[in-house]
Amino acid sequence: MSKTVLIVGGGLAGTIVANGLCRQLGNELRSGAVNITMLGTTETHMYQPGLLYIPFGRMREQELYRDQRRVLDRRINFFVDPAKHIDVEKNQVTTNGGRTFRYDYLVLATGSRIMPQNIPGMKEAGHWFYDIEGARKLRDALGSFQGGKIVVNVNAPHKCPVAPLEVTFMLYEHLKAKGLWDKTELTYTYPIGRLHALEPVAHWAKPEMDRLGIKYETFFNTESVDPASKTIKSMEGVELPFDLLITIPPHQGQQVIEDSGLGKGGWVPTNTKTLHRDGSTNVFVVGDTTNIPISKAGSTAHFEADVLIDNLSTLIQEGCMARDYDGKVFCFIETGLSSGTYVWFNYTTPPNPGPPSQMVHWFKLAYNRLYWLSARGLL
Ligand SMILES: Cc1cc2nc3c(=O)[nH]c(=O)nc-3n(C[C@H](O)[C@H](O)[C@H](O)COP(=O)(O)OP(=O)(O)OC[C@H]3O[C@@H](n4cnc5c(N)ncnc54)[C@H](O)[C@@H]3O)c2cc1C
């Protein structure tokens, strides 16, 4: 009987897993021994890291999207029909469209979502670049900004650990180029007692901000935003006025994960090495939706996906797992509009950011285009 691999979520992780399995399981797909099905929410696939560039006019919206069916291998059965209930006891998923899909192996790759509504006043008064509407709105706000107080406010948990630093440094150069820096006060807030969760990154960022004259507030856990007085208040009792608030809203996993009883806040308890859902032998979790205590990033999702492709293929072909995930993450960091650095780390090796260079910035820009090859499993 044909074995079914069901992938819930057609973003970065789900797509790489699906295409990678097609590459490894060619014979089984040809003979009908295996079939692969994916459930998604839209016909389009978005390259989310490109959102960072939209407010600065450095990427066009159309560059962020591709038709999902063209990104996917043709052997994948793709349904735009979101999962409504995931039943890991009965090995089946029911959808908004009323379908029921049974599986032998399930891959949960539903990602995360921003929740500005979780902080009073944030949705009304905040700007962000973590979705397309927000990025457009921020682009317009920056277009009419003539100087004043800007607060870059970081809330946890959030995906892309370095995007808040990137937007801060890009903002500095953007305002400098427009002749507005002398009329601006830029303050970066972070919830813990340093500028970044990764200690070496925090140590690197502090002198950079000091050098550029960017102010910061640590131990700033956002309590509320007052749209009328344009102030943002922390639980620690600090109140900052702003003319423009750029926030990284707190994130949660998807409702379907919570509703199916698979994890509080939408985060699925996951084995850090095998990527099994805790308590399951045929359910795997990749990307933002895991509860693994490492950065929620596209590169994390990609490295996890590579491990899962090997493990699922060998499970199907040989009945055993191939290898463990070692916690690898790689992030480019834009340090302005024309320079960048990068960090890589894993469970045992901490990050070590190097001096910024134009070359690394160009690599990041090149990767923004190469992503589509990577999603297809060609890179
Ligand atoms: C502004 C920004 C900048 C970033 N920059 C970087 C960067 O420079 N480097 C980096 O490594 N990462 C970066 N990231 C993070 C990266 O994009 C994410 O970590 C990555 O997309 C996670 O992959 P994923 O597959 O887990 O989730 P996603 O790519 O979000 O995919 C989840 C998919 O699941 C689908 N889904 C949700 N609910 C259901 C349901 N009920 N049924 C079916 N499908 C469902 C969603 O529609 C979505 O397609 C950035 C993100 C943002 C927003």
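Given the condition more than 18 Å from residue 116 (Cβ to Cβ) and without any contact (Cβ under 8 Å) to a residue 24 or more places away in the chain, answer yes or no: does some residue in region 188-198 qualify? No, the conditions are met nowhere in region 188-198. All conditions in (1) part of a strand (DSSP E or B); (2) over 19 Å from the mean Cα position of the chain (by Cα) hold for residue 333, with the sole exception of (2). Scanning region 337-358 for residues that are among the hydrophobic types (A, V, I, L, M, F, W, C) and open to solvent by less than 30 Å² (accessible area, probe 1.4 Å) yields 337, 343, 345. Within region 307-336, residues that are more than 16 Å from the ligand (Cβ to nearest atom) sit with their Cβ atoms under 7 Å from residues that are among the small types (Gly, Ala, Ser), at 6+ positions apart or across chains, in these pairs: 310/322; 311/322; 314/322. In the set 35, 77, 91, only one residue is in contact (Cβ under 8 Å) with a residue 60 or more places away in the chain and away from the ligand (no atom under 11 Å from the Cβ); that residue is 91. Do we have any residue at all in region 138-154 that's within 23 Å of residue 13 (Cα to Cα) and either in contact with a strand residue (DSSP E or B) (Cβ under 9 Å, 6 or more places away or on another chain) or not in a helix (DSSP H, G or I) (or both)? No, region 138-154 has no match at all. You will find that of 371, 325, 342, 347, the residue that is farther than 17 Å from residue 107 by Cα, of a type outside the set (A, V, I, L, M) and in a loop (DSSP other than H, G, I, E, B) is 347 and no other. Scanning region 225-247 turns up at least one residue that is within 16 Å of the ligand (Cβ to nearest atom) and not basic (Lys, Arg). Residue 65 passes every criterion in (1) open to solvent by less than 20 Å² (accessible area, probe 1.4 Å); (2) within 20 Å of the chain's Cα centre (by Cα) apart from (1).
Residue-level check: of (1) surrounded by fewer than 17 Cβ atoms within 10 Å (Cβ to Cβ); (2) in contact (Cβ under 8 Å) with a residue 12 or more places away in the chain; (3) within 13 Å of the ligand (Cβ to nearest atom), residue 133 misses just (2). Could you please let me know if residue 169 is away from the ligand (no atom under 15 Å from the Cβ), more than 21 Å from residue 300 (Cα to Cα) and open to solvent by less than 30 Å² (accessible area, probe 1.4 Å)? Judged against the criteria, residue 169 is not a match.
The values are calculated or read from the model by the stated rules, or taken from the named source; none is laboratory data. It should be emphasised that the depicted structure is a prediction, and the values quoted were computed from it without experimental measurement. Glycine also receives a Cβ, built like all others from the backbone with ideal geometry; neighbour counts cover every protein chain displayed. Just so you know, the surface numbers come from the protein's heavy atoms only, side chains and all, with ligands and any DNA or RNA stripped out. Shrake-Rupley method; radii C 1.70, N 1.55, O 1.52, S 1.80 Å.
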